[in-house]
Amino acid sequence: MESEHRYCARCGKPAQAGQYQWAAPPLTRGRLERDMYDKKIAGVCSGMAKWLGWDVTLTRLLWLGVALFTGVGFIAYPLCWIVMPRNDARAPYGLPAAT
(Lines give C-alpha, C1' and ligand atoms only; values in the text may rest on other atoms or scores of the structure.)
Protein backbone atom coordinates (compact mmCIF):
# COMPACT_ATOMS: atom_id res chain seq x y z
CA MET A 1 0.00 0.00 0.00
CA GLU A 2 1.21 3.50 -0.79
CA SER A 3 1.45 6.05 2.01
CA GLU A 4 -1.27 8.32 0.58
CA HIS A 5 -3.91 5.55 0.50
CA ARG A 6 -6.25 5.31 3.45
CA TYR A 7 -7.75 1.92 2.59
CA CYS A 8 -6.36 -1.32 1.26
CA ALA A 9 -7.22 -1.82 -2.42
CA ARG A 10 -7.82 -5.57 -1.97
CA CYS A 11 -9.71 -5.89 1.31
CA GLY A 12 -10.99 -2.35 1.98
CA LYS A 13 -9.69 -2.22 5.53
CA PRO A 14 -8.53 1.18 6.81
CA ALA A 15 -4.79 1.64 7.18
CA GLN A 16 -3.41 1.31 10.68
CA ALA A 17 -3.07 4.56 12.62
CA GLY A 18 0.68 4.62 13.17
CA GLN A 19 1.63 2.92 9.93
CA TYR A 20 1.10 5.80 7.51
CA GLN A 21 1.38 9.56 7.74
CA TRP A 22 -1.81 11.46 7.03
CA ALA A 23 -2.47 15.06 6.26
CA ALA A 24 -3.90 17.17 9.06
CA PRO A 25 -7.69 17.16 9.30
CA PRO A 26 -9.40 20.17 7.75
CA LEU A 27 -9.83 23.16 10.03
CA THR A 28 -13.31 23.60 11.36
CA ARG A 29 -14.54 27.11 11.81
CA GLY A 30 -16.79 28.02 14.67
CA ARG A 31 -19.91 30.09 14.35
CA LEU A 32 -19.75 33.45 12.64
CA GLU A 33 -20.52 35.80 15.54
CA ARG A 34 -19.98 39.47 16.36
CA ASP A 35 -17.21 39.84 18.94
CA MET A 36 -18.33 42.26 21.66
CA TYR A 37 -14.91 42.61 23.34
CA ASP A 38 -12.80 43.55 20.32
CA LYS A 39 -15.27 45.79 18.57
CA LYS A 40 -15.10 49.33 17.21
CA ILE A 41 -18.70 49.80 16.07
CA ALA A 42 -20.71 46.58 16.21
CA GLY A 43 -18.11 43.80 16.20
CA VAL A 44 -18.82 42.68 12.63
CA CYS A 45 -15.25 43.05 11.35
CA SER A 46 -13.81 41.54 14.53
CA GLY A 47 -16.11 38.53 14.32
CA MET A 48 -15.41 38.12 10.61
CA ALA A 49 -11.64 38.30 11.25
CA LYS A 50 -11.78 35.64 13.97
CA TRP A 51 -13.93 33.39 11.80
CA LEU A 52 -11.56 33.71 8.82
CA GLY A 53 -8.40 33.59 10.97
CA TRP A 54 -7.23 37.00 9.71
CA ASP A 55 -5.87 40.03 11.48
CA VAL A 56 -8.63 42.36 12.70
CA THR A 57 -6.95 45.49 11.33
CA LEU A 58 -6.55 43.93 7.89
CA THR A 59 -10.20 42.91 7.88
CA ARG A 60 -11.30 46.42 8.83
CA LEU A 61 -9.16 47.97 6.11
CA LEU A 62 -10.48 45.55 3.48
CA TRP A 63 -14.06 46.22 4.57
CA LEU A 64 -13.46 49.98 4.38
CA GLY A 65 -11.89 49.63 0.93
CA VAL A 66 -14.82 47.60 -0.36
CA ALA A 67 -17.22 50.13 1.14
CA LEU A 68 -15.51 53.15 -0.39
CA PHE A 69 -14.74 51.75 -3.84
CA THR A 70 -17.84 49.65 -4.51
CA GLY A 71 -20.43 50.80 -2.00
CA VAL A 72 -21.32 47.20 -1.12
CA GLY A 73 -19.79 47.52 2.34
CA PHE A 74 -22.24 50.27 3.31
CA ILE A 75 -25.13 47.89 2.66
CA ALA A 76 -23.48 44.68 3.87
CA TYR A 77 -22.29 46.01 7.25
CA PRO A 78 -25.76 46.86 8.63
CA LEU A 79 -27.09 43.55 7.28
CA CYS A 80 -24.31 41.64 9.03
CA TRP A 81 -24.96 43.68 12.17
CA ILE A 82 -28.57 42.49 12.16
CA VAL A 83 -27.99 38.88 11.05
CA MET A 84 -24.83 37.90 12.97
CA PRO A 85 -25.48 36.80 16.57
CA ARG A 86 -23.58 38.41 19.46
CA ASN A 87 -20.76 36.62 21.23
CA ASP A 88 -20.50 38.00 24.75
CA ALA A 89 -18.14 35.28 26.00
CA ARG A 90 -14.74 36.68 26.85
CA ALA A 91 -11.91 34.36 25.81
CA PRO A 92 -8.67 33.98 27.76
CA TYR A 93 -5.86 36.06 26.27
CA GLY A 94 -4.61 34.54 23.01
CA LEU A 95 -7.31 31.87 22.75
CA PRO A 96 -10.51 31.91 20.68
CA ALA A 97 -13.81 32.21 22.57
CA ALA A 98 -15.58 28.97 23.40
CA THR A 99 -18.72 28.41 21.38
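The values are calculated or read from the model by the stated rules, or taken from the named source; none is laboratory data. In this text, all values refer to a predicted model and were calculated from it rather than measured experimentally. Ideal geometry is used to build each Cβ from the backbone, glycine not excepted, and the neighbour counts take in all protein chains shown.
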Residues of segment 60-74 satisfying the condition of being modelled with pLDDT of 90 or more and surrounded by 12 or more Cβ atoms within 10 Å (Cβ to Cβ): Arg60, Leu61, Leu62, Trp63, Leu64, Val66, Ala67
In segment 44-59, residue surrounded by the most Cβ atoms within 10 Å (Cβ to Cβ) [restricted to those that are outside any loop (DSSP other than H, G, I, E, B) and not hydrophobic (A, V, I, L, M, F, W, C)]: Gly47
